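**Q** Below is a structure I'd like to ask you about.
The numbers here are math on the coordinates, done by the rules we state, and not lab data. These numbers were taken from a predicted model, which means no experiment stands behind them. Methodologically, a virtual Cβ is constructed for each residue, glycine included, from the backbone with ideal geometry; neighbour enumeration extends over all protein chains shown.
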Amino acid sequence: MAQSLFVRPDVQAFLDYLRQAAAAGAPAMHQMAPDQARAAYTAMQQLADLPPRDLAVIRDLASPGPAGPIPLRLYDARETRAPGPVLVFYHGGGFVLGGLDSHHNVCTEIAARMDLPLIAVDYRLAPEHPFPAAPDDAEAAARWIAQGPADLGRAVTGLIPIGDSAGGNLAIVVTQALMAAPAAAPVVAQVPIYPLTDAPESHASFRDFAEGFLLDAQVMHWFAQAYGAPADSMRAFPLHGGHDQMPPTVLVTASLDPIRDSGRVYGAALARAGSPLVFTERAGTIHGFIQVRKAIPSAQADLEAILAALRGVLDA
């Protein structure tokens, strides 16, 4: 790793805080039982992220799923609206952590700034529900949303899968599935934010940022073991899928992220295939930045830049 590595001052302050907490004996995620780790993950968001926005609509729903109802949460700045596209949000957490509450604050921000309905999907988690439970639920929910069911209260003209980390992976997996076998409404754009798209161990970023940058190699190995995905499956690692005729993509990476290069190679695959792409790498910041906008104040501008790029794609 280069000695002149750029780290933003607010990112460095947050990393210093995390190092101090670890030195004081705070357990790492992979050292906890899954339920404890999930509670800690959600608590971190409550402490480190900006407060939620007030919205006209925040309502829990459920869609049919392959193993029973899938919990959803609808966010909208308007009580009613004309037919239009819907953001379908998939949370991060390595397929082991996260849920409707872990990304609640940022979902309110995205819905407010985009002035579009957003539906967060609470897919099943490993290790209780290993691969392919997550992509099965993610796709089933998207197909149900595309139908504009009465429970939704909004007519849907298009889908915008969006997600961070594992959720970025699922956004791509769902987009690929719905491009191959269309749903009732088309995918009009996708927004994978620091996504996992392939097995990351071979990438330089995995080695360079394996420790000390929030997401580390030990936690990623824990996630991978729990998820149990086959290395050659495109529904686990969408880099193996097709990349031509994809909808416009806003692809985001973070420069200090161990899975940074997994996002980069996906962007390169889209570019080689001629699929429309807006790529942004947020310099000097870490994996998970959209969830820690109070701890890392500059992350708010990063999120605003991502959403501005999405608005540009939708207005084109």
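**Q** What 222 nm value per residue comes from the helices of the chain, counting each DSSP H run with n ≥ 4 as -39,500 (n - 2.57) and dividing by all residues, nearest 500 deg cm²/dmol?
**A** My calculation for the chain gives -12000 deg cm²/dmol from helical runs alone.
**Q** Could you work out how much longer the chain between ALA184 and ALA39 gets when fully extended? Use 0.36 nm per residue separation minus the Cα distance between them, nm to one decimal.
**A** Length gained between ALA184 and ALA39: 48.6 nm.
**Q** Still on this structure: Distance in nm between label sites at SER233 and PHE6, each 7 Å beyond Cα in the beta-carbon direction?
**A** Computed distance between label sites SER233 and PHE6 equals 3.9 nm.
**Q** Continuing with this model, one more query. Can you tell me the FRET efficiency between ALA301 and ALA26 if r is taken as the Cβ-Cβ distance and R0 is 22 Å, rounded to the nearest 0.05?
**A** 0.15
**Q** Ordered by residue, what ³J(HN,Hα) values in Hz, to whole numbers, does the range 165-171 give under the Karplus form 6.51 cos²θ - 1.76 cosθ + 1.60, where θ = phi - 60° and Gly and Pro are x?
**A** Here the 3J(HN,Hα) series is 6, 4, x, x, 4, 5, 4 Hz.
**Q** Oh, and also: Could you state the number of Å between the C-alpha centres of the range 173-209 and the range 62-116?
**A** When both Cα centres are located, 18 Å separates them.
**Q** Still on this structure, I have one more. Net charge near PRO117: determine it from the other residues with C-beta under 12 Å of the C-beta of PRO117, scoring Lys and Arg +1 and Asp and Glu -1.
**A** Net charge around PRO117: +2.
**Q** Dividing the convex hull volume of the Cα atoms of the range 107-245 by its residue count, what figure in Å³ per residue is obtained?
**A** 128
**Q** So, one more: With a 10 Å radius around each residue's Cβ, average the other Cβ atoms per peptide and rank 171-178, 309-316, highest first.
**A** The peptides rank, most packed first, as 171-178, 309-316.
**Q** Classify the range 166-316: rounded, prolate or oblate, from the alpha-carbon gyration tensor (a ≥ b ≥ c, eigenvalue square roots; a/c under 1.5 rounded; otherwise prolate if a/b is larger than b/c)?
**A** Judged from the Cα gyration tensor, the range 166-316 comes out oblate (a/c at least 1.5, b/c at or above a/b).
**Q** Of the peptides 259-268, 240-249, how do they stack up when ordered by the mean number of other Cβ atoms within 10 Å, highest first?
**A** Highest-to-lowest ranking by the protection proxy: 259-268, 240-249.
**Q** Please list, ordered by chain and number, the residues whose modelled amide H lies under 5 Å from the amide H of LEU61; skip anything fewer than 5 residues away on the same chain.
**A** LEU72, ARG73, LEU74
**Q** Can you work out ³J(HN,Hα) from phi for every residue in the range 60-67, in order, using Karplus 6.51 cos²θ - 1.76 cosθ + 1.60 and θ = phi - 60°, giving whole Hz and x for Gly and Pro?
**A** So the Karplus estimates, Gly and Pro as x, are 7, 9, 8, 10, x, x, x, 10 Hz.
**Q** OK, next. Pick out, from ALA301, PRO195, ASN105, the residue whose Cα sits farthest towards the positive end of the charge dipole of the chain, with +1 on the Cβ of Lys and Arg and -1 on the Cβ of Asp and Glu.
**A** The residue sitting most towards the positive pole is ALA301.
**Q** FRET efficiency for ALA204 and GLU79, Cβ-Cβ distance as r, R0 = 51 Å, nearest 0.05?
**A** It comes to 0.55.
**Q** If you don't mind, another one. Would you work out the relative contact order for the chain, in percent, from Cα pairs under 8 angstrom that are 6 or more residues apart?
**A** 19
**Q** Within 10 Å, count the other beta carbons around each residue, average over each peptide in 227-236, 60-69, and list them highest first.
**A** Highest to lowest by the protection proxy: 227-236, 60-69.
**Q** Still on this structure, I have one more. Given labels modelled 7 Å from the Cα in the Cβ direction, how far is it in nm from TYR17 to ASP115?
**A** It works out to 3.3 nm between the two label points.
**Q** For helix 9-23, report the angle its Cα long axis makes with the longest principal axis of the Cα atoms of the chain; keep it between 0 and 90° and round to the nearest 10°.
**A** The answer is roughly 70 degrees.
**Q** Quick check on the range 1-112: take the gyration tensor over C-alpha atoms, sort the square-rooted eigenvalues as a ≥ b ≥ c, and tell me if it's rounded (a/c under 1.5), prolate or oblate.
**A** prolate
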